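Right, one structure below, let's go through it.
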Amino acid sequence: IEGYASSSAIAEKLFPTKGTDEIYEYRSKLTPHYQAPVKMGDDEYELEAIGFQQMFSRKLIDVEECPIATPAINAKYKETRCSLHEQAKQGLLNNKKRRKRNRRSKNMDVGATLLFRQADDDANGNPVVITDNNEYMMTTVKGIKFRYQAGNFFQNNNYVVPLMVDGVLDAAMRNVEGTGKPPSYLIDCYCGSGLFALSASNKFKLCVGIEVNEKAVEEAMENAKLNNISNCQFVAASAEAIFTSPPALTIPGFEEQKIQDFVREETVVVLDPPRKGCSGKFLEQLYDYSPQRIVYMSCGPSTQARDAKGIVEIGGYDIVSIQPYDLFPQTKHVECLMVFEKKKKGS
């Protein structure tokens with residue numbers, strides 16, 4: 001950020017990091033690994049480690065329990081570790097069909113990445129931990145239910161995510177200086193299963209979620225139905241034309257309307273890209289679309305700062321606020337929300 005604005009100018013817009021008291025046992029997803037069992041003797045094998053890679057190394061560190069994972073996940077993880085060690089001893093994790101000369105192939109012994117993901121409790125209040133990437137699961141955020149495949153992206157701290165949703169909605173709903181009213185339209189880019197668009201649905205006239213992943217679009221549409229939300233539409237768009245390629249809307253009352261038709265002074269665009277940030281091609285389209293407000297949530301503050309430079313200098317926006325969130329306590333990672341407002345003409 002200091003690359004394009006003085007630190008003093010930024011400091012007055014930077015707010016203290018928000019978080020919760022749950023700094024351990026908060027993470028609702030764990031993906032430990034194990035490597036191929038090592039042969040110890042005739043038909044005897046052993047798993048050397050089940051855990052995570054050491055930083056700056058390919059070495060796998062054995063981790064018996066993860067202090068930041070939820071208790072339910074740790075319980076399932078311990079149970080799975082015992083089962084895997086027993087299977088390894090019996091040779092059940094080894095592929096005995098090998099090619100000649102022991103060449104590496106699909107038939108060679110390999111390790112695996114495990115999945116442990118906590119869903120909403122069952123009807124009896126018991127914790128549910130999913131271990132199959134393809135199984136569908138449910139997570140409730142601020143009263144809205146989200147159904148998605150366990151292997152797909154969804155935020156992994158159910159304590160802090162509601163704070164982030166509140167932050168995005170509060171920023172999106174601020175009155176526009178020129179009109180004295182909040183925006184009417186919300187466009188949620190990189191919308192995934194619809195977290196921000198569905199959460200904002202009762203505050204906007206119309207919400208549109210845009211995704212390049214068609215499977216995520218299907219999940220978001222099903223989540224709208226699941227929650228009886230009728231003013232949200234989710235559309236797949238190509239990365240090359242994300243604001244112009246979506247089809248016309250089919251929501252009752254807005255038929256045949258396209259997002260290009262939205263009054264820009266009444267439109268806010270929410271961004272929640274992956275850690276690598278927004279592509280240059282996407283940002284060019286965003287500048288051309290020129291919404292009144294951009295609300296940018298990022299898991300990569302350094303790439304967010306890079307993108308912010310273009311949004312300010314090329315797009316013609318002012319930074320209104322910067323709000324970090326401690327989404328992953330005990331790690332170096334932080335989530336950051338930046339809010340941009342379109343500069344007045346002539347300023």
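The values are calculated or read from the model by the stated rules, or taken from the named source; none is laboratory data. In this text the structure is predicted, and so the values were computed from the model without any measurement. So basically every Cβ, Gly included, is an ideal-geometry build from the backbone, and we count neighbours across all protein chains shown. Only protein heavy atoms, including side chains, enter the accessible area calculation; ligands, DNA and RNA are left aside. Shrake-Rupley method; radii C 1.70, N 1.55, O 1.52, S 1.80 Å.
So the values come out like this:
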item: Lone qualifier among 285, 257 - being without any contact (Cβ under 8 Å) to a residue 24 or more places away in the chain and open to solvent by less than 60 Å² (accessible area, probe 1.4 Å); result: 257
item: Subset of the stretch 291-323 that is assigned to a loop (DSSP other than H, G, I, E, B) and at pLDDT 95 or above - its residue that is nearest to residue 181 (Cα to Cα); result: 292
item: Qualifying positions in the stretch 195-235 - surrounded by fewer than 17 Cβ atoms within 10 Å (Cβ to Cβ) and closer than 16 Å to residue 271 by Cα; result: 212, 213
item: Qualifying residue in the stretch 319-328 (condition: buried (at least 22 other Cβ atoms within 10 Å of the Cβ) and touching a residue at least 40 places away in the same chain (Cβ under 8 Å)); result: yes
item: Residues being modelled with pLDDT under 65, open to solvent by 50 Å² or more (accessible area, probe 1.4 Å) and hydroxyl-bearing (Ser, Thr, Tyr) - total across the stretch 94-132; result: 0
item: Of all residues in the stretch 1-30 being modelled with pLDDT of 95 or more and part of a strand (DSSP E or B), the one that is least open to solvent (accessible area, probe 1.4 Å); result: 30
item: Residue in the stretch 55-72 that is least open to solvent (accessible area, probe 1.4 Å), counting only those that are over 25 Å from residue 22 (Cα atoms) and in a loop (DSSP other than H, G, I, E, B); result: 57
